[in-house]
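Take a look at the following structure, please.
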Amino acid sequence: MTDFFKNIPTIKYEGVGTKNEFAFRHYNPDEVVMGKRMEEHLRFAVAYWHSFAWPGGDPFGGQTFERPWFGDTMALAKMKADVAFEMFDILGTPFYAFHDADARPEGATFAESLRNLEEIVDYLGVKQESHKAKLLWGTANLFSHRRWMSGAATNPDPEVYAYAAATVKSCLDATMKLGGANYVLWGGREGYETLLNTDLAQERAHAGRFLQSVVEYKHKIGFKGAILIEPKPQEPSKHQYDYDVATVYGFLKDFGLEKEVQVNIEQGHAILAGHSFEHEIALAAALGIFGSIDMNRNDYQSGWDTDQFPNNHAEKAVAFYEIIRAGGYTTGGTNFDAKIRRQSLDPEDLILAHVGGMDTCARAFKAAAALFEADALEAKRRERYAGWQGAEAKAMLKQPLEDVAASVLAKNINPKPRSGRQERLENLWNDYI
Ligand code: XUL
Ligand code: CO
């Protein structure tokens, strides 16, 4: 035991009336909703990078956090893992997610980094055996080190492509060893700053081949989890190839991977792409590539990916409604890709940020589940499309254009516009929130 979280109790569900800061008001892991425990519906995960590796910097200032495990030695990496699992125990979160660079010290060579990764993975494996938290996903950090500044798989230098391949292989091996449910690829540097120095066609082709080789390797080693791409339109690159769900789907189709790879959708990234979170989830579900989510919120004014904890349940309920419509998670989960503000220095801040985020999601989920179970919105949606249930309407979809055109004249078709009833449906939503 470390003493980092000393005096902080295990967080329990106490319900809405409680005045106890260190309690859940809405998240009761054992409550059964739609036939399943909340814990199994929501599958919460803590992000190792924000909570344990991020020093609190912003573009104008460096480290604000002073954590006893900061530093580049294996002993400190193990202390970090100890603290991480103490936090998972306090929160009762069933999952965590990490990049190689969050968990192990960087070595002077690839071989040394690999040895460090293997040692910390063994350590995490032992931790998993005696604690509840398991791995939701593993991933490779292919964006922080200067070697990645011009891209990883899309780098003009073939040696960087090779280094990226070695890195992803090592992280996929680590994820498999830890029984991870998914493997994520986020390409923050897979994009460009200026077209003046960029061969876009070649970079895209390399990204496609890289992903194919990752999928081939997954099958070779028998990794049963899902491979997930996390779309984001920009930041840190000026333009990123995995712009949004629609772009990723086109890319997967192009390289024959649409049945092999799904998406990890992040709230803040959806907003940066000019969409809503629920749009991205609904589209992924419609295309058969919905995998998992990174839960957070962006600042509404700054236009940055501020990765704040969610605190608006009404906003998140619409997203959870789409997840419920999609049939819920299979391998995926709700990963808090969220960080406390750089002024939030205390260990309590870290715990209570997650408590608030989990409560916000639970409250949102319950509202969405109640509305879905009441079938109120779905009944209205079915009614709106009911015309397509008729045999003639169905047959029309098989007819050539000129036959459909002829039917308008033959039957004197003259459609009557009907209300979309948006405000009435919004009022219905409010009844459940
Ligand atoms: C960056 C981001 C990453 C990915 C994993 O915006 O979301 O943390 O989730 O690399
Ligand atoms: Co993310």
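The values are calculated or read from the model by the stated rules, or taken from the named source; none is laboratory data. In this text, all values refer to a predicted model and were calculated from it rather than measured experimentally. FYI the Cβ positions are ideal-geometry reconstructions off the backbone, even for glycines, and counts take in every protein chain you see. Accessible surface areas use protein heavy atoms only, side chains included; no ligands, DNA or RNA. Shrake-Rupley method; radii C 1.70, N 1.55, O 1.52, S 1.80 Å.
Largest first, what is the accessible-area ranking of His219, His26, His354 with a 1.4 Å probe? Don't jump to the answer; show the numbers that get you there.
Working: His219 105, His26 35, His354 0 Å².
Ranking His219, His26, His354 by accessible area, largest first, yields His219, His26, His354.
Can you work out the Karplus-derived ³J(HN,Hα) for every residue in region 99-115? Use 6.51 cos²θ - 1.76 cosθ + 1.60 with θ = phi - 60°, whole Hz, and x for glycine or proline.
Here the 3J(HN,Hα) series is 9, 3, 5, 6, 9, 10, x, 6, x, 6, 10, 4, 4, 6, 4, 5, 4 Hz.
Quick one: dipole size for the chain, taken about the Cα centre, charges +1 on Lys/Arg Cβ and -1 on Asp/Glu Cβ, in debye to the nearest 20.
The calculated dipole for the chain is roughly 1140 debye.
Could I ask something else about it? Would you list the P(r) distribution for region 379-432, with all Cα-Cα distances sorted into 10 Å bins from 0 and each bin expressed as a whole %?
18, 38, 25, 14, 4
Pull up the DSSP beta bridges for the chain and report the antiparallel fraction as a percent, rounded to 5.
Details: 6 of 36 bridges.
Given both bridge residues lie in the chain, the antiparallel proportion sits at roughly 15 percent.
With springs only between Cα atoms under 10 Å apart, run a GNM on the chain and tell me which of Trp388, Trp49, Trp304 wobbles the most.
Trp388
Further, regarding this structure: Quick one: putting +1 on the C-beta of Lys and Arg, -1 on the C-beta of Asp and Glu, what dipole do you get for region 319-372 around its Cα centre, in Debye to the nearest 20?
180 debye
Between Ala285 and Thr64, what length comes free when the chain is fully extended (0.36 nm per residue of separation minus the Cα-Cα distance, one decimal in nm)? Let's see the in-between values first.
Values: separation 221, 0.36 × 221 = 79.56 nm, distance 4.02 nm.
Length gained between Ala285 and Thr64: 75.5 nm.
For the residue pair Ala370 and Asp122, what label-to-label distance in nm results when each label sits 7 Å from Cα along the Cα-to-beta-carbon direction?
Between Ala370 and Asp122, the simple spin-label model gives 5.2 nm.
I need the Kirkwood Rh of region 49-89: take the reciprocal of the average 1/r across all distinct C-alpha pairs and report it in angstrom.
11.0 Å
If you don't mind, there's one more thing I want to ask. Looking only at Asn414, Asn298, Asn116, which one moves most when the chain is put into a Gaussian network model with springs between Cα atoms under 10 Å?
Asn414
Another question about this same structure. Treating the beta-carbon of each Lys and Arg as +1 and of each Asp and Glu as -1, no other charges, what is the dipole magnitude of region 292-433 about its Cα centre, to the nearest 20 debye?
Details: 19 positive and 21 negative charges, 155 e Å.
Using Cβ point charges on Lys, Arg, Asp and Glu, region 292-433 gives about 740 debye.
Quote to one decimal, in nm, the extra length available between Asn311 and Lys416 on full extension: 0.36 nm per residue of separation minus the C-alpha distance between them.
On the way: separation 105, 0.36 × 105 = 37.80 nm, distance 4.28 nm.
Gain on stretching Asn311 to Lys416: 33.5 nm.
Right, something else. Running Debye on the chain with equal point scatterers at the Cα sites and no solvent, what base-10 log of I(q)/I(0) appears at q = 0.06, 0.08, 0.10 Å⁻¹?
Here the Debye-derived log intensity ratios amount to -0.28, -0.49, -0.75.
Let me ask another. Identify which of Gly333, Gly387, Gly62 has the largest mean-square fluctuation in a Gaussian network model of the chain, with springs joining Cα atoms closer than 10 Å.
In the Gaussian network model the winner is Gly387.
Residue by residue, what Karplus-based ³J(HN,Hα) values in Hz, rounded to whole numbers, does region 368-374 have, using 6.51, -1.76 and 1.60 with θ = phi - 60° and x for Gly and Pro?
5, 5, 5, 5, 5, 5, 5
Could you tell me which trypsin sites (Lys or Arg not before Pro) in region 189-237 are loop residues by DSSP with no more than 14 other beta carbons within 10 angstrom of their beta carbon?
Lys224
Per residue of the chain, what 222 nm ellipticity follows from adding -39500 (n - 2.57) for every DSSP H run with n ≥ 4, rounded to the nearest 500?
Taken over the chain, the calculation gives -14000 deg cm²/dmol.
Could you list the GluC sites (Glu not before Pro) in region 2-108 that lie in coil according to DSSP, counting only those with at most 12 other Cβ atoms within 10 Å of their Cβ?
In loop regions of region 2-108 (DSSP not H, G, I, E or B), the sparsely surrounded GluC sites (Glu not before Pro) are Glu21, Glu66.
Give me the Å³ per residue figure for the convex hull around the C-alpha atoms of region 267-381.
107 Å³
Using a 1.4 Å probe and counting only protein heavy atoms, arrange Ser170, Ser130 so the residue with the most accessible area comes first.
On the way: Ser170 15, Ser130 90 Å².
From most accessible down to least: Ser130, Ser170.
Using θ = phi - 60° and the Karplus form 6.51 cos²θ - 1.76 cosθ + 1.60, what ³J(HN,Hα) does each residue of region 225-235 get, whole Hz, x for Gly and Pro?
Karplus-based 3J(HN,Hα) across region 225-235 equals x, 8, 8, 10, 9, 9, x, 6, x, 7, 6 Hz.
What does the extension gain come out to for Asp72 and Glu31, with contour length at 0.36 nm per residue minus their alpha carbon separation?
Numbers: separation 41, 0.36 × 41 = 14.76 nm, distance 4.21 nm.
Fully extending the segment from Asp72 to Glu31 adds 10.5 nm.
Calculate, for Lys134 and Leu409, the FRET efficiency according to 1/(1 + (r/R0)^6) with r their C-beta to C-beta distance and R0 56 Å; round to the nearest 0.05.
Working from the Cβ atoms, E equals 0.30.
Only sites in a loop by DSSP and with at most 10 other Cβ atoms within 10 Å count here; which trypsin sites (Lys or Arg not before Pro) in region 396-433 make the cut?
Numbers: sites: Lys398, Lys411, Arg418, Arg421, Arg424; in loops: Lys398, Lys411, Arg418, Arg421.
Taking region 396-433 and a limit of 10 other Cβ atoms within 10 Å, the loop trypsin sites (Lys or Arg not before Pro) found are Lys398, Lys411, Arg418.
Compare the Cα positions of Leu401, Gln389, Thr334 along the charge dipole of region 317-433 (+1 at Cβ of Lys, Arg; -1 at Cβ of Asp, Glu; about the Cα centre) and return the one farthest towards the positive end.
Positive-end residue among those listed: Leu401.
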